[in-house]
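Here's the structure, in structure tokens; my notes come after.
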Amino acid sequence: MFQEIEAKLAETVERTLREKFGLKLKVSLEQPKQSSFGELSIPIAFQLARQLRKAPRQIAEELAAPLTHVREVAAVEIAGNGYINVRLQRGAYAASLVKGSGVPREQTGSAQKIIVEHTNINPNKAAHIGHLRNAVLGDTFARMLRRRGRYVEVQNYIDNTGVQVADVVVGFHFLQKKSPVDVKAMLDDPQIRFDYFCWDLYARTSAYYGENPEALGWRAETLHAIEADEGDLAELGHIVADAIVQAHLKTMYRLGIEYDLLPRESEILHLQFWATAFELLKERKAIYFEEAGKNKGCWVMPASAFRSTAQDSDEGAESEEDSKVIVRSNGTVTYVGKDIAYQLWKFGLLGKDFFYRRWSQYPDGHEVWVTTDQPSPNESPAFGRGAKVFNVIDSRQSYLQDVVVAGLRALNFPEQADASVHFSYEMVALTPRTCLEMGIALSEEDKRRAYVEVSGRKGLGVKADDLIDKLIETALAEVEDRHPQADPQERRTVAEQIAVGALRYFMLKFTRNSVIAFDFHEALSFEGETGPYAQYAAVRAEQILRQYVERGGVMPDFEKVLTQEVLDRHLETEDLWQLLWLASKADSAVERAISSGEPAHVAKYAFQLAQEFNAFYHDYRVIGEKNTERQAVLLWLTRYAREQLLGTFQVLGIDQPPYM
RNA sequence: GGGGGCGUAGCUCAGUUGGAUAGAGCAUCAGCCUUCUAAGCUGAGGGUCACAGGUUCGAUCCCUGUCGCCCCUACCA
């Protein structure tokens, strides 16, 4: 409803501009700084002032006149030097919401597929909080797109043949002398938390390399075996990667995060995606063979392809220094090269496809598929062939992502290059205080920093499952305290919902390019701008509606009782109108978050709506209201605000507990 | 050296293509629970939007410079 009005007003002004001034302009509306100025504001007169050589106020007046004829508009005022402020017919606006609520939203998307790739954790150890930020951001963004009717495919890329997996295999085979049978037995041992075991083993192996550099030969040997897919080392690689992927999926599912497809590096290798891409790159001259210099014998992409500022240096030699090696002099391909091939596949440009098989099924029936290199008898859904691709990858890799996009452009796929989005985000670090709490030794210099970077190689960091467990534990203590008589199993569920709400909100409240300095104290807080705060507001709303009925109240037939005239009368109360107005903007918040690429905007909106509802809760007694007409308004408003809040929760991946 | 990001209240952060009196949360202080659950509500204090120029009717936002912090800049993935 909000967006319809907004569009209608913009169109009206645009039409006036065309007819009166002969101008073709896109008009945008904004929220007035103060609610007393009205519901919507149009600042267009300012930017026209110079062009038309007229006072903004005069222009505003000419544009304002036709707006008064729009049915939903109550009044139009010129304020300040030339703002056009619009006040809406509150009753009419509310009445259409009364009628419309409960009706499914119309789809605004197209059939074009949007691929969102996120999580992408190396399958060699337990997930940590940095991975959570990635997954929560990606998952929320996918939910936002789906809410607005877009067709989304969620992929979680698995690098099961890389150095990180190899290092854990080295740990098992060379350091621990374990056979594939031994390691398989570990998977069945309930005493062993395999992903945690690998976390430590990975750190130990890395440390061993530090003391015994010659051991790096084991890594090379293992990588070679994994690539050839032969022998115990390769088998260990499969066992480790598959088990860890399973662990990651389980961890993410605790937060409600699901995937559609797990594309794996091993298939990219075995199906020779790179060979195909290599031919294409050579054929279209996107890369060239370096004959001399430090990159002699390599296939490289010139720096000019991905450096926008390369033109101001006219020394050709300098740019060669910056060019990116795609194929090493020993003939092996770099990660970026493979990534270009993979990105081509995502757009359906490679001319090759994976084979697929089911990996597992979520409790809700949704299936996850994985790539294979062998045809399978079962039909699989059609994967890939996206029209737009969002790669959720941390900002440290922006250089490599630039190279991938440049590769597409150099291959003469400008459309797909433009449709490749590096959905980047800053890392999650730890506050010095949290490091000390965890027993991580810090230098004096680090202690003075705002945050300290974690290191998976050293085994330093907060494991995702540990954090979730700790959040549940904290929430459970509070729930038990507040509801000593409630069913223990239900309390556990409530605590889990609160923990997930707290964690997801925490990961989303910061904008993407802000480094999160993770602090246990802050993350375990359930007060103020947190998920549980918002959940609490929803619980309160439900409480009102439930208890109203439990105490013998009959839910009014809102459509009949709440006529435009009735609504108009009661919505003169500013608080009530403001709550309604804010609640009606849920979809707009999601749309804005999509266009700006900031899921944080939705989180912020949920908090604001919760805040507004909590104020309402405090100021108005719904059940005790004597005037039945007013009570109907309050009941409906409670229900509507709750609906809008829950809809926003869904986008954020947050549940409303039955009680708190 | 080059590329990118950041600098807003004591702390952590928002600030929607430049617009009306720069906002939250935490922390501090002062109030509010026999009422639909206080994980809440109300109020107070706290700002040279790093600094200096420029563009503009108008700059936290755009441009230039300076200072400070962070990341990237492998024939590692």
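The values are calculated or read from the model by the stated rules, or taken from the named source; none is laboratory data. Just so we're clear, the structure is a prediction, and the values are computed from it rather than from any experiment. Here Cβ is always computed from backbone atoms with ideal geometry, including for glycine, and neighbour counts include all displayed protein chains.
Laid out as a table, the results:
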| quantity | calculated |
| --- | --- |
| A:Arg219 vs. criteria of a type in the set (Lys, Arg) and either in contact with a strand residue (DSSP E or B) (Cβ under 9 Å, 6 or more places away or on another chain) or within 15 Å of RNA strand B (Cβ to nearest atom) (or both) | yes |
| A:Ala586 vs. criteria more than 26 Å from A:Trp636 (Cβ to Cβ), more than 10 Å from RNA strand B (Cβ to nearest atom), in contact with a Phe, Trp or Tyr (Cβ under 9 Å, 6 or more places away or on another chain) and not hydroxyl-bearing (Ser, Thr, Tyr) | no |
| Restricting the range A:189-234 to residues that are among the basic types (Lys, Arg) and assigned to a helix (DSSP H, G or I), the residue that is nearest to A:Ser455 (Cα to Cα) | A:Arg204 |
| Residues of the range A:604-633 satisfying the condition of being within 8 Å of RNA strand B (Cβ to nearest atom) and more than 26 Å from the chain's Cα centre (by Cα) | A:Asn614, A:Ala615, A:Phe616, A:Tyr617, A:His618, A:Asp619, A:Tyr620, A:Arg621, A:Val622, A:Ile623, A:Gly624 |
| Extreme residue, surrounded by the fewest Cβ atoms within 10 Å (Cβ to Cβ), among residues of the range A:538-564 that are of a type in the set (A, V, I, L, M) and outside any helix (DSSP H, G or I) | A:Val554 |
| Verdict on A:Gln535 being buried (at least 20 other Cβ atoms within 10 Å of the Cβ), of a type outside the set (Val, Ile, Thr) and either over 16 Å from A:Tyr640 (Cβ atoms) or touching a Pro at 6+ places or on another chain (Cβ under 7 Å) (or both) | yes |
| Qualifying residue in the range A:178-200 (condition: within 16 Å of RNA strand B (Cβ to nearest atom) and among the aliphatic types (A, V, I, L, M)) | no |
| Among (1) within 11 Å of RNA strand B (Cβ to nearest atom); (2) over 25 Å from A:Val500 (Cα atoms); (3) in contact with a helix residue (DSSP H, G or I) (Cβ under 8 Å, 6 or more places away or on another chain); (4) at pLDDT 95 or above - the single one A:Gln547 does not satisfy | (3) |
| Filter result for A:Ser525 (without any contact (Cβ under 8 Å) to a residue 24 or more places away in the chain, of a type in the set (Ser, Thr, Tyr) and not in a helix (DSSP H, G or I)) | yes |
| Subset tally (residues that are within 9 Å of RNA strand B (Cβ to nearest atom) and without any contact (Cβ under 8 Å) to a residue 40 or more places away in the chain) for the range A:30-53 | 11 |
| Scan of the range A:248-306 for residues that are in a loop (DSSP other than H, G, I, E, B) and under 23 Å from A:Gly162 (Cα atoms), ordered by number | A:Tyr259, A:Asp260, A:Pro263, A:Leu271, A:Gln272, A:Cys298 |
| Residue satisfying all of: in the range A:208-245; free of Cβ contacts under 8 Å to residues at least 24 places away in the same chain and among the aliphatic types (A, V, I, L, M); farthest from A:Arg358 (Cα to Cα) among these | A:Leu216 |
| Residue satisfying condition, being in contact with a helix residue (DSSP H, G or I) (Cβ under 7 Å, 6 or more places away or on another chain) and exposed (fewer than 13 other Cβ atoms within 10 Å of the Cβ), within set A:Lys33, A:Lys24, A:Lys20 | A:Lys24 |
| Exclusive hit being away from RNA strand B (no atom under 15 Å from the Cβ), closer than 21 Å to A:Gln112 by Cα and part of a loop (DSSP other than H, G, I, E, B), set A:Ser380, A:Ser376 | A:Ser380 |
| Any chance A:Leu645 is within 30 Å of A:Ser424 (Cα to Cα) and touching a residue at least 24 places away in the same chain (Cβ under 8 Å) | yes |
| Which numbered condition A:Ala603 misses (of (1) surrounded by fewer than 22 Cβ atoms within 10 Å (Cβ to Cβ); (2) touching a residue at least 40 places away in the same chain (Cβ under 8 Å)) | (1) |
| Residues satisfying the stated conditions in the range A:428-440, i.e. surrounded by fewer than 17 Cβ atoms within 10 Å (Cβ to Cβ) and of a type in the set (Gly, Ala, Ser) | A:Gly439 |
| Residue selected from the range A:307-325 under the condition within 22 Å of A:Leu408 (Cβ to Cβ) and near RNA strand B (Cβ under 9 Å from one of its atoms), by the criterion modelled with the lowest pLDDT | A:Ala310 |
| Of residues in the range A:521-532 being within 18 Å of A:Ala464 (Cα to Cα) and crowded, with 16+ Cβ neighbours inside 10 Å, the one nearest to RNA strand B (Cβ to nearest atom) | A:Ser525 |
| Qualifying residues in the range A:481-520 (those that are aliphatic (A, V, I, L, M) and surrounded by fewer than 18 Cβ atoms within 10 Å (Cβ to Cβ)) - the one farthest from RNA strand B (Cβ to nearest atom) | A:Ala486 |
| From the options A:Gln343, A:Gln397, A:Gln401, A:Gln416, residue that is within 26 Å of the chain's Cα centre (by Cα) and more than 16 Å from RNA strand B (Cβ to nearest atom) | A:Gln416 |
| Residue pairs meeting the criteria (Cβ under 7 Å; at least 6 apart or on separate chains; first without any contact (Cβ under 8 Å) to a residue 40 or more places away in the chain, in the range A:420-436; second part of a strand (DSSP E or B) and within 14 Å of RNA strand B (Cβ to nearest atom)) | A:His422/A:Asn391; A:His422/A:Ile393; A:Pro432/A:Val452; A:Cys435/A:Val452 |
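Residue-by-condition table, conditions (1) surrounded by 14 or more Cβ atoms within 10 Å (Cβ to Cβ); (2) of a type outside the set (Lys, Arg); (3) at pLDDT 85 or above:
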residue	(1), (2), (3)
A:Ser41	yes, yes, yes
A:Ile44	yes, yes, yes
A:Leu48	yes, yes, no
A:Lys54	yes, no, no
A:Ala60	yes, yes, yes
A:Leu63	yes, yes, yes
A:Pro66	yes, yes, yes
A:His69	no, yes, yes
A:Ala74	yes, yes, yes
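One line per residue, one yes/no per condition, for (1) among the aliphatic types (A, V, I, L, M); (2) touching a Ser or Thr at 6+ places or on another chain (Cβ under 8 Å); (3) surrounded by 14 or more Cβ atoms within 10 Å (Cβ to Cβ):
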position: A:Ser376; (1), (2), (3): no, no, no
position: A:Gly384; (1), (2), (3): no, no, yes
position: A:Leu411; (1), (2), (3): yes, no, yes
position: A:Glu426; (1), (2), (3): no, yes, yes
